[in-house]
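Worksheet: one structure, shown below.
The values are calculated or read from the model by the stated rules, or taken from the named source; none is laboratory data. Everything quoted here is computed from the prediction, not taken from an experiment. As a convention, Cβ positions derive from the backbone with ideal geometry for all residues, glycine included, and neighbour counts pool all protein chains shown.
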Amino acid sequence: MQRNILIAACDGIHWGTNCANTCSCGSRANTCDRVVGCTDCVAGWEGANCENDVDECAQNTTICGANAICNNTRGSYTCACETGYRADPTGSCLDINECVEGGTNCEETCTNTPGGFSCGCNPGKTLVNDTHCQDVDECALKTDRCDHDCANTVGSYTCSCFNSDYQLALDGFTCNQVNNATLTVCVNAGLTCNQGLCNASIPVCYCLSGYFLGSSGACEDINECTTGADNCNRTTSDCNNLGGSYNCTCRTGFVLDQSDQRTCRDIDECSTSNQCHANAQCTNTVGSYTCACDAGYTGDGRTCSNINECTASPCHADATCTDTEGSYVCKCKPGFEGTGLACTDINECTSSHDCSPNADCTNTPGSYTCSCRNAFTGDGIVCRPLQGVKVLMNFDNEYSASRYQPGSTDYSLLVRTLNEFYANFTDFNRVEITEIRNDNGLAVYYTVLVNTTSPDNETISAISVYILANLQRVNNVLIDTTSRASYRVRQTPALIQGAVSDIDECIFNRGGCHTAAACINTIGSFSCTCNSGYFGNGFTCDTEVNYGDIDECSTSNQCHANAQCTNTVGSYKCACDAGYTGDGRTCSNINECTASPCHADATCTDTEGSYVCKCKPGFEGTGLACTDINECTSSHDCSPNADCTNTPGSYTCSCRNAFTGDGIVCRPLQGVKVLMNFDNEYSASRYQPGSTDYSLLVRTLNEFYANFTDFNRVEITEIRNDNGLAVYYTVLVNTTSPDNETISAISVYILANLQRVNNVLIDTTSRASYRVRRTPALIQGAVSDIDECIFNRGGCHTAAACINTIGSFSCTCNTGYFGNGFTCDTEVNYGVNITLDVVNPAPYLIVGSAEYTVLRKALVSLHDGFAGFVSLVIMNLRDGSLIVQYTVKVNTTGGDVNATTQAFREHMLQQLIPNNYVIVYENSRFRVIEAPVVDGVPLQQCTVLGCQNGGACDGSAYGYCSCVTGYSGSQCQTKSGLTNDEIAIVAASTVGGILLIVAICILVIVIIYKKRKAKKEKLRATRYDNFLHGAYGPTSGVFHPKYFPNWQYMGRGRDPGSGSSRTSSSG
């Protein structure tokens, strides 16, 4: 017999009876208890064997302190400061002053902020692309203070006056008139140059910027807001007209850029002040912001309350759910182990239990039971041996060996009757029959087992008295109370002695009567009677009685069929059964499958009041836990001549060497042996199997036979030296034709193709050649060119054309497809590299994690709107912040590949630009921190989308468009003010207007002059007519000098009365 080792003698790593169990918790527990095993788990572990990791981060969301990120690890956790913070010697995360330590790339000014920084610019400049400072042209924007002319400078501007009639004041802006005489000329001409300059030489008023010359001659204000001459963005600001100028008033959610006094920049409320709840995410929008409650909370974002996820029963049926702030914790119940989402029963009987060494341990769901073994009694934890008293009792009943075999009906009936006979004996356990003989009837040898610690003689005496007393009580007839079968004792049982009297049942435990009842012994029986003031049957006595209450639960009620009814005084309550929800009077089924309780490789089927998890085909388990079935080691239909390869949820079959088929049916390949001699030099070392030359020769032979119908492959069996290469090989063919037909077909094929290639086999890849120097064995037949396109179109793709050539062929993809001809596809894969601003990338690197799934869905949402999108596959993930390499498969639908590629690039940018390079999916936001790369080319806006209206690339990482004056937008597509040309036109128009006025004045002067001249000419003509009239004779009408003595001076500018000495001559 094996000696049981005392538990106290076990060493520090073993426990239990005989120290048979080993503590498997290792360093996860402080103690290996000699009775129960692993106890006192160290911090970070829990469970029966300290095998479950404690998620400290979920238990205490503030465990790492402010500005830190908690990362759970097995048995512990780590803390990492958020971006922009650094741990001090005490472990606290303090803000990094990037402006002091450098690395900000700010061109001019830097302002430190909690966890970050912001760049700024000196007066006269505005911030572009977060870090760059660009000069503000105050003159073009009309934000200068100059009275007259403005000249832009880098970071500022200078003022000057129009002409010498004005002098620039000491403030550098104001022009004071110094020549009042000029102004007086204009005033006298009726011109009021109150907002302009007077040109006394014309005279005319030249109006200042922001004014125009009205019909009254005065300079009137230009309303830039109504004429569209302002630079205010009407979506972010309102335009207010001022005397000679205007200003822009920003709308709610925007702030005026002090550098240009025109641009209204969006206020990032998320980084300043907002009303989002502490458990919500703030998302800045143009002119406003939105609040969205964090996962695990519900509300409008400004008010967020914790969601009690436990109400949806997300944990396993054998786990408890504990709601936490913003999350929940699943913990397997005692007796179970696992993650809480999946729990499996712990078999305490094979690990840790406290059953007695004389007891059997039976595992139960979540627990176990202990039952003492035969001949022992107790609660299973403590088992002590039973005392046995052997008795021989003879009965009149007829003996039959066959009837009283152990296990027979009569045998079981006799055992039950004997047990009933001794049932009232104190500490009686059971009767065990040891033998039944024939002794003029039944001679029954049995042992009465008693649970007592009394001395044996006392037990024997008590049994003897009990037998006598009870045989007398039943008149020596033992009767089975169920079947009424009887057994008459025909002689005094062995060991029996003493007197016989009635047994007083009231002595033992008062016969089981109630404490408020009296036990009354009678001959052969007893009775229980309730005391005065109590009522009942004596075994139950009570002082309370209900009058008039109706038990609606046993009569009629309105509880639902799937609810439990509980009677109350004067009423009743209804409560829906597990798996149902409602008020008890109306109960509806809960669809547990919406919480995904089953394993990832299982299907969930909702049932009335419950659900069923069933592992998918190819997997086995409870449905809550599923493992892959290795069909290759259990059941599969692969051919005996095939290899079986297990795959997740399935398997594959592949025919072995020298066989062909689909793996389920594999038939032997036919082999034709051939000897072919080549002129090539033989070398044993060069043509070793696996060498480069050996592989080249095999490839060349396979290419030579490639077009033979049902050809499979060539296998070289031997290479010898026979004044060159003597190659022995077998041509393996997938055919069921008779051998002689195959040999004949191979022979004809060899002859025909050797003639086609002029007895030279050439490897199409390396162009290595092998000249055949004699007729191969078995060869006969005719020779002709082989049209490879006849057989399966040469292996060309269905979307390709097969073109036969002498001794070869080619495959060319049809229009709209691309590939090498053997593979033609309308689908193209784009490789994308993208860097995301993720503070803690670690969870995203775990394939299948919740974070990984959200990331993949976010990337799919970026591309799934593109026409022809097929799928997205993440190829690689690495941190820094989070660098993602993935491929996007797109169906070109037969279109031009280059056009599809350009459209793909444009679509990606058109998705990113409106959101400021932030990918938004549900409650998750991923900021792209540098230009994505598609097929090795950075995705820059200016090169992909192009810059309009004269814009150009600004040289930044994202490739923004730098717009010329008058245009804005991501592609400079929006007209936002006057261009340089338009400004020139306006200026030219102003000067032209002035010149027009001058021209009109000159024209008026000329007209007046000409009118006066015409009037003089008319007067002179009249005088001339009068002169002529007086020079003719009054009667004859004939000219005579005597009537006009000065006629010869007429028209010569001489005055006849001037007293000239020159006289006229007659005739």
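Within segment 339-360, being within 18 Å of Gln59 (Cβ to Cβ) and crowded, with 20+ Cβ neighbours inside 10 Å holds for one residue alone: Gly340. Scanning segment 1-22 for residues that are modelled with pLDDT of 80 or more and either of a type in the set (A, V, I, L, M, F, W, C) or assigned to a loop (DSSP other than H, G, I, E, B) (or both) gives a single hit, Cys19. Assess whether Ala58 counts as being of a type in the set (A, V, I, L, M, F, W, C) and outside any loop (DSSP other than H, G, I, E, B). It is true that Ala58 is of a type in the set (A, V, I, L, M, F, W, C) and outside any loop (DSSP other than H, G, I, E, B).
Take the residues in segment 548-597 that are of a type in the set (D, E, K, R) and outside any strand (DSSP E or B); name whichever of them is farthest from Leu624 (Cα to Cα).
Taking segment 548-597 and keeping what is of a type in the set (D, E, K, R), we get 549, 551-552, 573, 577, 583, 585, 592.
With the extra rule that they be outside any strand (DSSP E or B), the set shrinks to 549, 551-552, 577, 583, 585, 592.
Numbers: Asp549: 47, Asp551: 42, Glu552: 40, Asp577: 22, Asp583: 30, Arg585: 32, Glu592: 13 Å.
In this case the residue turns out to be Asp549.
Of all residues in segment 635-674 being β-branched (Val, Ile, Thr) and closer than 16 Å to Arg713 by Cα, which is surrounded by the fewest Cβ atoms within 10 Å (Cβ to Cβ)? Looking at residues that are β-branched (Val, Ile, Thr) and closer than 16 Å to Arg713 by Cα, I get Val672.
Go over the candidates Leu449, Leu418 one by one and state the one that is touching a residue at least 24 places away in the same chain (Cβ under 8 Å), within 27 Å of Ser483 (Cβ to Cβ), buried (at least 16 other Cβ atoms within 10 Å of the Cβ) and in contact with a Gly (Cβ under 7 Å, 6 or more places away or on another chain).
On the way: Leu418 fails: in contact with a Gly (Cβ under 7 Å, 6 or more places away or on another chain).
Criteria check complete, one pass: Leu449.
Each row is one residue, and each column tells you yes or no for (1) within 44 Å of the chain's Cα centre (by Cα); (2) outside the structural domain of Leu213 (by TED's automatic domain parsing); (3) in contact (Cβ under 8 Å) with a residue 60 or more places away in the chain; (4) over 21 Å from Leu909 (Cβ atoms).
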residue	(1), (2), (3), (4)
Cys953	yes, yes, no, no
Tyr960	yes, yes, yes, no
Val964	yes, yes, no, yes
Gly969	yes, yes, no, no
Gln973	yes, yes, no, no
Val986	no, yes, no, yes
Ser989	no, yes, no, yes
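Does Asn72 fit the bill of being in contact (Cβ under 8 Å) with a residue 60 or more places away in the chain, within 30 Å of Gly335 (Cα to Cα) and either part of a strand (DSSP E or B) or of a type in the set (S, T, N, Q) (or both)? For Asn72, the condition - in contact (Cβ under 8 Å) with a residue 60 or more places away in the chain, within 30 Å of Gly335 (Cα to Cα) and either part of a strand (DSSP E or B) or of a type in the set (S, T, N, Q) (or both) - is not met.
Give segment 236-258 a look and list any residue that's within 28 Å of Phe212 (Cα to Cα) and outside any strand (DSSP E or B), or say none. Scanning segment 236-258 gives Gly243, Gly244.
Of the residues screened, Phe926 is not one that is among the aromatic types (Phe, Trp, Tyr) and either touching a Cys at 6+ places or on another chain (Cβ under 9 Å) or part of a helix (DSSP H, G or I) (or both). The set of residues from segment 349-391 being under 18 Å from Val35 (Cα atoms), assigned to a strand (DSSP E or B) and among the aliphatic types (A, V, I, L, M) comprises just one member, Ala359.
For segment 817-873, a residue qualifies if it is part of a loop (DSSP other than H, G, I, E, B), of a type in the set (Gly, Ala, Ser) and either surrounded by fewer than 16 Cβ atoms within 10 Å (Cβ to Cβ) or touching a Lys or Arg at 6+ places or on another chain (Cβ under 8 Å) (or both), and the qualifying residues are Gly848, Ser849, Gly865, Ala867.
Hey, can you tell me all the residues within segment 711-767 that are of a type in the set (Phe, Trp, Tyr) and not in a strand (DSSP E or B)? Answer for segment 711-767, where residues must be of a type in the set (Phe, Trp, Tyr) and not in a strand (DSSP E or B): just Tyr749. When we screen Cys239, Cys175, Cys198 for residues that are at pLDDT below 75 and crowded, with 19+ Cβ neighbours inside 10 Å, the only hit is Cys198. Looking at the structure I just gave you, is Ala87 in contact (Cβ under 8 Å) with a residue 60 or more places away in the chain, among the hydrophobic types (A, V, I, L, M, F, W, C) and closer than 30 Å to Ser849 by Cβ? Here the answer is no, as Ala87 does not meet what is asked. Return yes or no: is Ala600 at negative phi, in the same structural domain as Arg720 (by TED's automatic domain parsing) and assigned to a loop (DSSP other than H, G, I, E, B)? It is false that Ala600 is at negative phi, in the same structural domain as Arg720 (by TED's automatic domain parsing) and assigned to a loop (DSSP other than H, G, I, E, B). Being surrounded by 18 or more Cβ atoms within 10 Å (Cβ to Cβ) and closer than 19 Å to Ala469 by Cβ is the filter; apply it to segment 507-524 and report the residue that is modelled with the highest pLDDT. That would be Cys519. The sole residue among Glu51, Glu138, Glu107 that is in contact (Cβ under 8 Å) with a residue 60 or more places away in the chain, of a type in the set (Asp, Glu) and not assigned by TED's automatic domain parsing to the domain that holds Val255 is Glu51. The residue that is farthest from Val612 (Cα to Cα), counting only those in segment 559-589 that are free of Cβ contacts under 8 Å to residues at least 12 places away in the same chain and β-branched (Val, Ile, Thr), is Thr568.
Could you say whether any residue in segment 281-294 is in contact (Cβ under 8 Å) with a residue 12 or more places away in the chain, more than 30 Å from Ala850 (Cβ to Cβ) and not in a strand (DSSP E or B)? Yes, segment 281-294 has at least one match. Counting only strands (runs of 3 or more DSSP E) that sit wholly inside segment 607-709, those with at least 1 residues that are closer than 30 Å to Pro597 by Cβ are 610-615, 619-621, 626-628, 642-647, 650-655.
If you filter segment 874-914 down to residues that are crowded, with 20+ Cβ neighbours inside 10 Å and outside any helix (DSSP H, G or I), you find that the one that is modelled with the lowest pLDDT is Thr892. Applying the set (1) over 26 Å from Cys824 (Cα atoms); (2) in contact with a helix residue (DSSP H, G or I) (Cβ under 9 Å, 6 or more places away or on another chain) to Pro914 leaves exactly one unmet item: (2).
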